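Here's the structure, in structure tokens; my notes come after.
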Amino acid sequence: MKRPLTTLVTAAVLGSLALASGCSGEPVSFDTPSASAAPAGGDGGRAGRPSAKPGEPGKPGRPPVPATLMPTGPKAEFTTENTVDDGTKIGVTTLEGRKSGFSGKVWVWAPPQYFEAEYAASGFPVLIALPGGNGYPKNYWMGTDLKLQSSISKWSREGKSLPFIVVMPVLNPDDKHYYDGSDIPGHPKMGTWMTEDVPDFVRANFRTFDSRDGWAFMGSSSGAFVGLKSVLKHPEKFKAVIASGPDTVPDSPLWAGHEAEKAANDPEKLAKALSAQPSSPGKDVYLAFQIGTRESGLTNLRSFIRDYGKGPVKTRLEVIQDGGHNARTYVKGMGDGSIQWISEHMQAPVPSS
């Protein structure tokens, strides 16, 4: 059952208030002269060096760097939603999902490194950040009050995080129901929106990697459920998730009469099936769970890890002291270790020789 989200909704309101004073609505571009001038090259855009820990590419014995995918288009038109304290912009656009048929807002932020000439030929890892609550009509991670983007900027300079592109789509098509990030029969295809349309949109507009090593989710509460389920259902597309205060079973009332489809979107069933398979580099997923000591759910997460944290299902649990069921707690937990753990298993951008 979805838990009360008072503190998460409060964060969303604060984020909206912060935006009200800082939103310009002016056009913003994520292209740069160095990026547009960077050749795809005879190697197909591949920034061909192996990578190790965050900010430490080039170590021997690592798998080859996956091909960089230059933006494929069509190019979206972004307007400025907010400005981060390092001067980078959070942009927003409306995405008309070609595969899902759903149209909704998507907010995006690129780290400072994305605009540096030495990374102009390199892809960047993507973090799809999902809010708690209904996550409609806004995704509260697009505000600067929670400091998600400024924290990633800081952590990446410290070597604790990769410099992720942060993508923040709306979570649900309305504020009446939870749709569990799934294609519930007879309703908007939010599973297709989240795992196909949104990634396609990112590839159309940003330099990314041609590998699941460059794709992860992060989410709070209901958004954590969607991120967790998406990674477990599509390990061929996504490698990691930071799931904070998550539910681990689908519970939307819209599943009534669709038990088979509901089971196909159940993280516990998906994890059980995946954990029974042998571990392999192309299949392993990394589930970074977070929970505060002042919220319920710790026993459930420990049971999930005990029962399914085997084989390709790699897990980590961050218990946040004095933390509650709210977004600020979860950003703190990310800095305490969760963001570094998933970063160590993902692909870093590679500077030019």
> Considering amide H positions built from the backbone, and no H for Pro or chain starts, which residues 5 or more places from Asp247, or on another chain, come under 5 Å of its amide H?
Replying inline: Phe225
> Which value in Å does the Kirkwood hydrodynamic radius of the stretch 112-167 take, with 1/r averaged over all unlike C-alpha pairs and then inverted?
Replying inline: 12.6 Å
> Once the Cα atoms of the stretch 72-343 are picked out, what are the Rg and Dmax in Å?
Replying inline: 17.3, 54
> Efficiency by 1/(1 + (r/R0)^6): what FRET value for Lys237 and Ala263, r their Cβ-Cβ distance, R0 = 22 Å, to the nearest 0.05?
Replying inline: 0.60
>> With just the Cα atoms defining each centre, how far is the stretch 255-332 from the stretch 110-167? Give it in Å.
In response: 22 Å
> Modelled label-to-label distance, Asp284 and Thr79, 7 Å Cα→beta-carbon offset: nm?
Replying inline: 4.6 nm
> Expressed as cubic angstrom per residue, what is the convex hull volume of the alpha carbon set of the stretch 124-261?
Replying inline: 110 Å³
> Does the stretch 204-353 come out rounded, prolate or oblate by the C-alpha gyration tensor, with a ≥ b ≥ c the root eigenvalues, rounded set by a/c under 1.5 and, if not, prolate when a/b is larger than b/c and oblate if not?
Replying inline: oblate
>> Just to confirm a number: summing +1 for Lys and Arg and -1 for Asp and Glu over residues other than Thr144 whose beta-carbon lies under 10 angstrom from that of Thr144, what do you get?
In response: -2
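Only the coordinates and a few stated rules stand behind these numbers; no lab work does. Since the structure is predicted, the reported quantities are computational estimates derived from the model, not experimental observations. Cβ sites come from the backbone with ideal geometry, for glycine too, and all protein chains shown count toward neighbours.
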